[in-house]
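The values are calculated or read from the model by the stated rules, or taken from the named source; none is laboratory data. Computed from a predicted structure; not experimentally measured. Cβ placement follows ideal geometry from the backbone for every residue including glycine, while neighbour counts extend to all protein chains displayed. Keep in mind that these areas ignore ligands, DNA and RNA; they rest on the heavy atoms of the full protein, side chains included. Shrake-Rupley method; radii C 1.70, N 1.55, O 1.52, S 1.80 Å.
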Amino acid sequence: MELNNVILEKEGNIAIVTINRPKALNALNSETLKDIDTVVDALEKDKDVYAVILTGAGDKAFVAGADISEMKDLDEKQGQEFGALGNKVFRRLENLDKPVIAAISGFALGGGCELAMACDIRVASEKAKFGQPEAGLGITPGFGGTQRLARIVGLGKAKELIYTCDIIKADEALRIGLVNKVVPLENLMEEVKAMATKIASNAPVAVKLCKDAINRGMQVDIDRAVEIEAEDFGKCFATEDQKEGMTAFLEKRAKNFQNK
Ligand code: HXC
């Protein structure tokens, strides 16, 4: 696998993906988006990965946005193509069959905030900052920000942040529900790894089906949504991990899940 701006590492059943362009505060150019796509391919195929951590190299930034140097001279068609590339990659990440936790040390702006929002869970350091500064650059958010921010924090707050381009600190991001947790910078990776390890200790097939039910259910009305849940719930009973989880409980012993 050839990657230029992204690092993929594994620690046991956890994959750690690092956006690695620290000189440009990990800004997302096309090359980096394609690297993320390649990494998603690898993660999809890897049945030994139960949870994924996505982070940015260095403490200063998670990702400071899409690459402004690359976008500056785009025409309308090229702008649409650039947005479509990011949206395709972010949707694949959002629908990856394992949970993705964003570990956000510093700036998560524009495309960086959008990347974090395409993850399942966001953990921020106390130094993290969030915002959608696009309107100040003469563009709209283009990697799903107009859609995911409203879904996560509600319509009014999303409109306020997008129209004002305000940059908010981690405590405010926590207050409005944009992040799940705020921790001291020096504990960030340790805390995120602990969360990933806890997730990975549960039945991977069940966690995958939980993600599927939540993601698909959010797109449809509640009657259809509970049908989706019932389908995924039913599928669990065709798995070895369901037998193992319930047998281990009744036998009062530790569980040994196999992702089957
Ligand atoms: C390209 C970037 C960048 C970006 C930072 N850099 N952000 N390059 N695209 N989004 C580069 C800087 O040009 C600089 O390069 C180096 O990283 C360090 O950044 P500085 O600005 O010197 O750092 P600092 O003064 O500490 O300021 C940090 C910052 C600022 C507040 C985060 O860099 C900033 O405002 N960045 C842009 C944030 C932004 O507007 N993001 C949204 C982009 S639009 P040199 O070579 O000078 O050292 C977007 C659209 C998404 O994301 C949808 C697209 C379809």
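Brief remarks follow.
- Yes/no for VAL52 being away from the ligand (no atom under 14 Å from the Cβ), in contact (Cβ under 8 Å) with a residue 40 or more places away in the chain, closer than 27 Å to GLU134 by Cβ and of a type in the set (A, V, I, L, M, F, W, C): yes
- Counted residues, region 84-123 - those being aromatic (Phe, Trp, Tyr) and open to solvent by 10 Å² or more (accessible area, probe 1.4 Å): 1
- Exactly one residue among GLY144, GLY154 is within 12 Å of the ligand (Cβ to nearest atom) and under 20 Å from the mean Cα position of the chain (by Cα), and that residue is GLY144.
- Residue ID - farthest from the ligand (Cβ to nearest atom), chosen from residues in region 117-128 that are within 13 Å of VAL183 (Cα to Cα) and not acidic (Asp, Glu): VAL123
- Count of region 1-34 residues which are farther than 18 Å from MET71 by Cβ and either out of contact with any helix residue (DSSP H, G or I) (no Cβ under 9 Å at 6 or more places or on another chain) or modelled with pLDDT of 95 or more (or both): 17
- Qualifying residue in region 65-85 (condition: away from the ligand (no atom under 13 Å from the Cβ) and in contact with a strand residue (DSSP E or B) (Cβ under 9 Å, 6 or more places away or on another chain)): no
- All positions within region 131-168 that are touching a helix residue (DSSP H, G or I) at 6+ places or on another chain (Cβ under 9 Å), under 21 Å from SER30 (Cβ atoms) and outside any helix (DSSP H, G or I): GLN132, ILE139, THR140, PRO141, GLY142, PHE143, GLY144
- Per-region count, region 54-80, residues within 26 Å of the chain's Cα centre (by Cα) and in a helix (DSSP H, G or I): 7
- Residue count for region 7-34 under the criterion of being farther than 17 Å from GLY106 by Cα, away from the ligand (no atom under 16 Å from the Cβ), under 18 Å from the mean Cα position of the chain (by Cα) and not in a loop (DSSP other than H, G, I, E, B): the result is 7.
- Search result, residues across region 157-177 that are within 16 Å of the ligand (Cβ to nearest atom) and at negative phi: ALA158, LEU161, ILE162, TYR163, THR164, ASP166, ILE167, ILE168, LYS169, ALA170, ALA173
- Positions within region 201-214 being over 16 Å from the mean Cα position of the chain (by Cα), open to solvent by less than 30 Å² (accessible area, probe 1.4 Å) and not β-branched (Val, Ile, Thr), in sequence order: ALA203, PRO204, LEU209, ALA213
- Condition met for GLY217 (surrounded by 14 or more Cβ atoms within 10 Å (Cβ to Cβ), free of Cβ contacts under 8 Å to residues at least 40 places away in the same chain and either small (Gly, Ala, Ser) or touching a strand residue (DSSP E or B) at 6+ places or on another chain (Cβ under 6 Å) (or both)): yes
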